[in-house]
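Report on one structure; see the data block that follows.
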Amino acid sequence: MKDRHCTDPLIGDILAGWRYDISGLSPAMRTDYDQHLTDCAHCRRRQHIARSIDVLLLSVSALSILAFLLAVAVLLRVESITHLASSLHGHLLNTPVTISLEAAAIAGLFVSILLCVLVAISTPIPSLVSEAVQQRLPEHIRERMKHAA
């Protein structure tokens, strides 16, 4: 019941404006916000909801890419089998429906790829994933990466 209200409304409003994304801040600037997220159950829950929505959007857009890719592959396979069957029987089968379904599947694939890229750009998920991967790397590799940058 205590987590219904933010413990510090000023910091809570700032975090809410950023969608609880502090991954782009320098470590020196993050200390107050990290401390607030540690202390405030309300903001911690809101941050968890925001990250869940981001992951859900990225997952749905990635799944739509796979679905449209599968649709394109199936339609191309069906068209090639239909073309082979029609040439074996000696007549040409006109398939305008198959062609328009292919066009719709290819357009859906491109739109899904575009949406996936936009979601990845507009959410902090890529930076959070790279940060998590860097933390799991051995220390000597992290040092090399710092010196290379």
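The numbers here are math on the coordinates, done by the rules we state, and not lab data. Note that the structure is predicted; figures quoted are calculated from it, not measured. Here Cβ is always computed from backbone atoms with ideal geometry, including for glycine, and neighbour counts include all displayed protein chains.
Counting only other residues whose beta carbon sits under 9 Å from that of SER23, what net charge do I get with K and R as +1, D and E as -1? Write out the running numbers ahead of the final one.
Details: positive: ARG30; negative: ASP21, GLU131.
Taking every Cβ under 9 Å from that of SER23, the sum is -1.
Taking every Cα-Cα distance in region 1-62 and sorting them into 10 Å bins from zero, the calculated P(r) comes out as 22, 50, 23, 5 percent. Available extension along the chain between LEU76 and TRP18 is 16.4 nm, counting 0.36 nm per residue and deducting the alpha carbon span. Which of the three applies to region 108-149, rounded, prolate or oblate, going by the alpha-carbon gyration tensor with a ≥ b ≥ c and a/c under 1.5 meaning rounded? Prolate is the answer for region 108-149, as a/c is 1.5 or above and a/b outweighs b/c.
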